[in-house]
Amino acid sequence: MIWKWLGALLLFPVQMVYLVVKAAVCMVLPPKLRDLSGENVLITGGGRGIGRHLAREFAKRGARKIILWGRTEKCLKETTEEIRTMGTECHYFICDVGNREEVYRQAKAVREKVGDITILVNNAAVVHGKSLMDSDDDALLKSQHINTLGQFWTTKAFLPRMLELQNGHIVCLNSVLALSAIPGAIDYCTSKASSFAFMESLTLGLLDCPGVNATTVLPFHTSTEMFQGMRIRFPNLFPPLKPETVARRTVEAVQMNQAFLLLPWTMHVLVILKSILPQAALEEIHKFSGSYTCMNTFKGRT
């Protein structure tokens, strides 16, 4: 028994070195991309913003069917028509992911009308954009229901069948604010941190489930209507991401079976700094970069 533990202890650092080298090689020589031609993709919040760009990207890369969920029929209908003109079968369903019963009901309708979902993209999100004391209680609850609990309901609705088929992928469009919160978006930061923990736990839980994987994307500020009015102090140094870029990199991450993706790559530096710097230094970084006051001009969707 002692020799067994000793062998495992000696083998562990070798495994770590091997995995690091393998990851470095894959960065230089990317692995073969997953074929999407047989995949049915469901995107929550798919009518506009990053969701619409995700639908376009999956269609461009040959997804078999695309299903859009959202709360605004006008946006869903416009995106559906656009995807159909690209030659991809597309359907939409009105669904509030924060409503558990509605999620389960519409998931059943999707299976009956379209078929099994093999890629689920949890993209739907809202942001209230106020401090805790200025926030309405119902608005705070809405953020948690949609941004966090909605992922519980959608994943519970579609994951069991993925496990049966041994074919599936759960994708979460998260935010770098899950790792580094800012004032003025306490509802959003809290919900995204919870969502990140959910995905981290789910990803580990799927290690022994063949054919079923997960991807979490954590982008920097993206230029969409949802964060309209947000101002960064040095926009030339830290320009907002384009939604089409986030969508493209997300689909690539799914095709490469990448578990976690930070956008842009410089956000890795942020994670390292948070791990080693004292709180006082981090506070000065927030003030200097403008993230301390970036939500003061926030307007959001009109």
* **Residue check for Ala259: among the small types (Gly, Ala, Ser), touching a residue at least 24 places away in the same chain (Cβ under 8 Å) and more than 30 Å from Ala139 (Cα to Cα)** => yes
* Asked: What number of residues in region 154-181 are more than 15 Å from Ala259 (Cα to Cα), among the hydroxyl-bearing types (Ser, Thr, Tyr), touching a strand residue (DSSP E or B) at 6+ places or on another chain (Cβ under 9 Å) and assigned to a loop (DSSP other than H, G, I, E, B)?
  -> 0
* Asked: Taking region 64-84 as the search range and keeping residues that are open to solvent by less than 60 Å² (accessible area, probe 1.4 Å) and within 19 Å of the chain's Cα centre (by Cα), which one is farthest from Ile119 (Cα to Cα)?
  -> Gly70
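Residue under question is Glu225, and the condition is that it be charged (D, E, K, R), surrounded by fewer than 17 Cβ atoms within 10 Å (Cβ to Cβ) and modelled with pLDDT of 95 or more; does it hold?
no
Conditions tested, residue by residue: (1) within 13 Å of Asn40 (Cβ to Cβ); (2) at pLDDT 95 or above; (3) outside any loop (DSSP other than H, G, I, E, B); (4) basic (Lys, Arg).
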{"residue": "Glu78", "(1), (2), (3), (4)": "no, yes, yes, no"}
{"residue": "Arg84", "(1), (2), (3), (4)": "no, yes, yes, yes"}
{"residue": "Tyr92", "(1), (2), (3), (4)": "no, yes, yes, no"}
{"residue": "Lys108", "(1), (2), (3), (4)": "no, yes, yes, yes"}
{"residue": "Gly129", "(1), (2), (3), (4)": "no, no, no, no"}
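Can you name the residue in region 94-103 that is part of a helix (DSSP H, G or I) and within 21 Å of the chain's Cα centre (by Cα) and is also surrounded by the fewest Cβ atoms within 10 Å (Cβ to Cβ) among such residues? I'd like the intermediate steps shown before the answer.
If we filter region 94-103 for residues that are part of a helix (DSSP H, G or I), which is where we start, we get 100-103.
Narrowing further to those that are within 21 Å of the chain's Cα centre (by Cα): 100, 103.
On the way: Arg100: 17, Val103: 24.
The extreme case among them is Arg100.
Taking into account only those residues within region 197-209 that are under 18 Å from the mean Cα position of the chain (by Cα) and open to solvent by less than 40 Å² (accessible area, probe 1.4 Å), which is farthest from Asp138 (Cα to Cα)?
Leu206
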* Subset of region 230-274 [in a loop (DSSP other than H, G, I, E, B), open to solvent by 70 Å² or more (accessible area, probe 1.4 Å) and among the hydrophobic types (A, V, I, L, M, F, W, C)] -> Leu237, Phe238, Trp265
* Asked: Applying the selection to region 145-175, what residues are touching a Phe, Trp or Tyr at 6+ places or on another chain (Cβ under 9 Å) and either more than 21 Å from Val251 (Cα to Cα) or acidic (Asp, Glu) (or both)?
  -> Thr148, Phe152, Trp153, Lys156, Ala157
* Asked: Can you spot a residue in region 124-132 that is under 22 Å from Glu252 (Cβ atoms), touching a strand residue (DSSP E or B) at 6+ places or on another chain (Cβ under 8 Å) and open to solvent by 20 Å² or more (accessible area, probe 1.4 Å)?
  -> yes
* **Selection within region 104-122 - under 20 Å from the mean Cα position of the chain (by Cα) and either open to solvent by 20 Å² or more (accessible area, probe 1.4 Å) or small (Gly, Ala, Ser) (or both)** => Ala107
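The values are calculated or read from the model by the stated rules, or taken from the named source; none is laboratory data. Keep in mind that this is a model prediction, so the values were computed, not measured. As a convention, Cβ positions derive from the backbone with ideal geometry for all residues, glycine included, and neighbour counts pool all protein chains shown. Only protein heavy atoms, including side chains, enter the accessible area calculation; ligands, DNA and RNA are left aside. Shrake-Rupley method; radii C 1.70, N 1.55, O 1.52, S 1.80 Å.
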